[in-house]
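So the structure is just underneath, and the comments pick up after that.
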Amino acid sequence: MALSRRERIVTEGFALAAAATASGWCAAHYGFGRTAHLLFSTSLLIVLITAYRAVTHGLVLLPRTSQPRIPVSEEVRRHAARQAGMDPDT
């Protein structure tokens with residue numbers, strides 16, 4: 001069964017975070033405190049980035065439309081000019 005792109009992002013990200021966590025646990029077990037702290041912090045960062053990427057994947061903030069703008073009619077132009085206190089015939 002093929003995974004979608006979003007599912008692959010989540011699977012690979014959390015697998016990488018699990019590997020970093022396991023490495024951090026091993027480093028803590030053997031007395032490498034700073035390395036363990038670095039690996040645990042890195043795994044948290046990986047989880048946060050993976051969650052962000054999974055949520056925003058495929059998100060379109062501004063849809064691209066190639067529709068032409070509708071020209072303003074003469075009646076609308078005259079009304080806007082009158083509302084602004086200008087002469088609509090100029």
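The values are calculated or read from the model by the stated rules, or taken from the named source; none is laboratory data. Just so it is clear, the structure is predicted and the values come from calculations on it, not from any experiment. All Cβ positions, glycine included, derive from the backbone under ideal geometry; neighbour counts span all protein chains shown. Side chains included, ligands, DNA and RNA excluded: accessible areas come from the protein's heavy atoms. Shrake-Rupley method; radii C 1.70, N 1.55, O 1.52, S 1.80 Å.
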The range 1-34, residues that are acidic (Asp, Glu) and open to solvent by 100 Å² or more (accessible area, probe 1.4 Å): GLU12
Residue that is basic (Lys, Arg) and modelled with pLDDT under 85, where the choices are ARG34, ARG53, ARG82, ARG69: ARG69
Criterion (in contact with a Ser or Thr (Cβ under 7 Å, 6 or more places away or on another chain), modelled with pLDDT of 80 or more and not charged (D, E, K, R)) met by exactly one of VAL47, VAL10: VAL10
Every residue from the range 1-17 that is assigned to a helix (DSSP H, G or I) and over 12 Å from PHE40 (Cβ atoms): ARG5, ARG6, GLU7, ARG8, ILE9, VAL10, THR11, GLU12, GLY13, PHE14, ALA15, LEU16
